[in-house]
1. Computing the accessible area with a 1.4 Å probe over protein heavy atoms, can you report the carbon and sulfur percentage for the chain?
2. Kindly write out, for segment 51-59 in residue order, the coupling ³J(HN,Hα) from the Karplus curve 6.51 cos²θ - 1.76 cosθ + 1.60 (θ = phi - 60°), rounded to whole Hz, with x marking Gly and Pro.
3. When we measure straight from the Cα of K22, which lysines land under 26 angstrom away, once same-chain ones fewer than 8 places off are left out?
4. How much mean residue ellipticity at 222 nm does the chain get from its helices, if each DSSP H run of length 4 or more adds -39500 (n - 2.57) and you divide by all residues, to the nearest 500 deg cm²/dmol?
5. Any idea which of Q24, L61, Q50 is furthest toward the positive side of the dipole for the chain, if Lys and Arg beta-carbons carry +1 and Asp and Glu beta-carbons -1?
6. Starting from the Kirkwood Rh over alpha-carbon pairs, what translational D in µm² s⁻¹ does the chain have by Stokes-Einstein at 20 °C and 1.002 mPa s?
7. Give the angle, between 0 and 90 degrees and rounded to the nearest 10, that separates the Cα long axis of helix 2-19 from the longest principal axis of the Cα atoms of the chain.
8. State to the nearest 20 debye the size of the charge dipole of the chain about its Cα centre, where the only charges are +1 on K and R beta carbons and -1 on D and E beta carbons.
Amino acid sequence: MRASIYFLIAATLIVFGCAAQKTQRDRDVEQCTYGAVVPRNFDTPAKRRQYIQTVAVPACLKAKGYAEGSL
């Protein structure tokens, strides 16, 4: 009984652990998003979000060597 519980726990950890892995590109997009420096004149969150998605992240990805540089 105890062995089957341990096997079930190990199988669950393996399945969910493998499913949650991110690619290097996903990690780079997160790094570029959180490291973005936004100019002060973008005062609303919507303007800041738009600047990050359309200017900062693509430029950062291009600098990291990705060919397309887009999300």
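The values are calculated or read from the model by the stated rules, or taken from the named source; none is laboratory data. The shown structure was predicted, so the numbers you read here are calculated from the model rather than taken from an experiment. Here the Cβ positions follow ideal geometry from the backbone for every residue, glycine too, while neighbour counts run over all protein chains shown. Only protein heavy atoms, including side chains, enter the accessible area calculation; ligands, DNA and RNA are left aside. Shrake-Rupley method; radii C 1.70, N 1.55, O 1.52, S 1.80 Å.
1. 62
2. 4, 4, 6, 9, 10, 5, 5, x, 5
3. Partners found: K62, K64.
4. My calculation for the chain gives -18000 deg cm²/dmol from helical runs alone.
5. Most positive-ward Cα: Q50.
6. Working: Rh = 14.8 Å.
Rounded to a whole number, D works out at 144 µm²/s.
7. Its long axis makes an angle of about 20 degrees.
8. Details: 10 positive and 5 negative charges, 23 e Å.
With only Lys, Arg, Asp and Glu charged at Cβ, the dipole is about 100 debye.
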